[in-house]
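Derivation of every value follows stated rules applied to the coordinates shown; laboratory data play no part. This is a predicted model, so every value here is computed, not measured. Ideal geometry is used to build each Cβ from the backbone, glycine not excepted, and the neighbour counts take in all protein chains shown.
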Amino acid sequence: MQSSESTQAKSFEEIEHTADWAYLVRGKNLAELFIQAALGLYSLVGMQLVPGSQTTRSIQLKGIDRESLLVAWLNELLYLHESEGLGFEQIKIQYLDETSLQARITGAPTQQWLKDIKAVTYHNLAIRETESGLEVTLVLDV
């Protein structure tokens, strides 16, 4: 058996990793922020829907605060794309407070989705008050 000691030369080093992608979202209120976050996500991935086909879903989510709810919302949209190949262009927020969301979304199967996103992360996540409403920077794990 060989002996290992901490005096050996190091065999690791930090390397740059480009697994994250970020975007800034603004909205006059929380509902608009959630809608713009979804539309921004779809825009970033170059989503295009199959023409002539349409599907509607009702979404109900809970979170411990508005940031966790926003992450749950966007990850639900990513899940619907990953599991069923769907994207949504019409978003109606029916109810939204700090910890719960009800939305009705209408879309179709995607014919184009240019970039795979694993998840929306909590990295430096904070919804901030601004003079014109709210803003948040969202970091995506790609």
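Would it be correct to say that Glu98 is in a loop (DSSP other than H, G, I, E, B) and either among the acidic types (Asp, Glu) or surrounded by 12 or more Cβ atoms within 10 Å (Cβ to Cβ) (or both)? When the stated conditions are applied, Glu98 passes them. Residue check: Ser58 meets all listed conditions (1) surrounded by 14 or more Cβ atoms within 10 Å (Cβ to Cβ); (2) small (Gly, Ala, Ser); (3) assigned to a strand (DSSP E or B) but one, namely (1). Summed over the stretch 18-55, residues that are polar (S, T, N, Q) and either closer than 17 Å to Arg128 by Cβ or buried (at least 19 other Cβ atoms within 10 Å of the Cβ) (or both) total 2.
Using the structure shown, decide if Glu89 is charged (D, E, K, R), in contact (Cβ under 8 Å) with a residue 60 or more places away in the chain and either surrounded by fewer than 20 Cβ atoms within 10 Å (Cβ to Cβ) or outside any loop (DSSP other than H, G, I, E, B) (or both). Here the answer is no, as Glu89 does not meet what is asked.
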